[in-house]
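Step one of this worksheet: look at the structure below.
The values are calculated or read from the model by the stated rules, or taken from the named source; none is laboratory data. Since the structure is predicted, the reported quantities are computational estimates derived from the model, not experimental observations. When we count neighbours, we look across all protein chains shown, and the Cβ atoms used for this are built from the backbone with ideal geometry, even at glycine. Accessible surface is based on the protein model in full, side chains and every heavy atom, while ligands, DNA and RNA are left aside. Shrake-Rupley method; radii C 1.70, N 1.55, O 1.52, S 1.80 Å.
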Amino acid sequence: MLPEASTLAPAVDRIFWGLVALSVVIMAIVGGLILTFAIKYRRGTKANRGPLPDIMSREVEIGWTVATLFVALFIFWWAAAAQLPHFLLPKKALEIHVVAKQWMWKVQHPEGVREIDALHVPVGVPVKLEMTSQDVIHSFGVPAFRIKQDVLPGRYTSTWFEAKEVGDYHLFCTEYCGTDHARMTGTITVMEPEAYARWLAEQPHGEDLAGEGAQLFTALGCSACHGAQARVPAPSLANLYGSQVVLADGNRVTADEDYLRESIERPEAKVTAGYQSTMPSYQGVASEEQVVALVAYIKSQDGKRSQAR
């Protein structure tokens, strides 16, 4: 049996075993009725084979229909109530970025530490995964944590977990993604917080995502229009993330990760009110990891017009 290695696992297991028990009960009832009727109404017996009274036929049909509907609604309520908290991402979780590609998992920690096909996390700490795919649809699955989340090209998906047991756990791609799909695996190592801090300090540190994004912001020419000294009229990036943006067509959108990504790769899709669509597309120019870094940099702008480092 798989270990219940995350806080979500017990709720998932209760639903699973509850459905197994319900299935066994239904199978026993149906099987028992089949066996009873097969014996009672076998050839040669004197059992009454006449039609049932209309009132009994109607009551039986209504009864099993209502009972089935009630059971289905109860299962829906039970599963939804158990799963709903998992869709509420913790605000103070450790945020880790994941890029999936054929056939590997590329991971970056907030401090700039990178891993491939591996992820180290502290026990007892909520971990939020911001994920995207560089090529095709993948799916981030950790059976011991009872989590599975599709990872899609061209957009971000999120999931989170809180490990409650120290150890190594298997990571799989659970969506067929090509020839070496079966080899797209990895290991999640759950460590005590002190051991995780020591491990983190021992790893090679690059720029954090926002710092890397700041360098790309200049290298890709973004600062020419959105930088502090820019003279070209362009929307300000200060406090952009999470705000409501008024578009040229009068609609409003929330500036979330998907909006920022789309604005980098397809700037003509949603033009900000009061500005012309003059920004070039960076689709195919900036790699998946670079787009992730640029988005992290824009999210970090909390009050000033973007500063190139």
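Can we say ALA144 is open to solvent by less than 30 Å² (accessible area, probe 1.4 Å) and assigned to a helix (DSSP H, G or I)? Yes; evaluated as a whole, the condition is true for this residue. Scanning region 36-66 for residues that are part of a loop (DSSP other than H, G, I, E, B) and open to solvent by 80 Å² or more (accessible area, probe 1.4 Å) yields a count of 8. Working only within region 1-35, note down all residues that are open to solvent by less than 60 Å² (accessible area, probe 1.4 Å), part of a helix (DSSP H, G or I), touching a residue at least 40 places away in the same chain (Cβ under 8 Å) and among the aliphatic types (A, V, I, L, M). The answer is ALA9, ALA11, VAL12, ILE15, LEU22. Scanning region 247-271 for residues that are farther than 26 Å from LYS91 by Cα and either open to solvent by 30 Å² or more (accessible area, probe 1.4 Å) or in contact with a strand residue (DSSP E or B) (Cβ under 9 Å, 6 or more places away or on another chain) (or both) turns up LEU247, ALA248, ASP249, GLY250, ASN251, GLU265, ARG266, GLU268, ALA269, LYS270, VAL271. Out of ILE137, ILE75, one residue alone is touching a residue at least 12 places away in the same chain (Cβ under 8 Å), in contact with a Cys (Cβ under 8 Å, 6 or more places away or on another chain), of a type outside the set (Lys, Arg) and surrounded by fewer than 17 Cβ atoms within 10 Å (Cβ to Cβ). It is ILE137. The lone criterion from (1) open to solvent by 60 Å² or more (accessible area, probe 1.4 Å); (2) in contact (Cβ under 8 Å) with a residue 24 or more places away in the chain left unmet by ALA210 is number (1).
Residues that are over 30 Å from ARG266 (Cα atoms) and either in a helix (DSSP H, G or I) or open to solvent by 10 Å² or more (accessible area, probe 1.4 Å) (or both) occur at least once in region 151-162.
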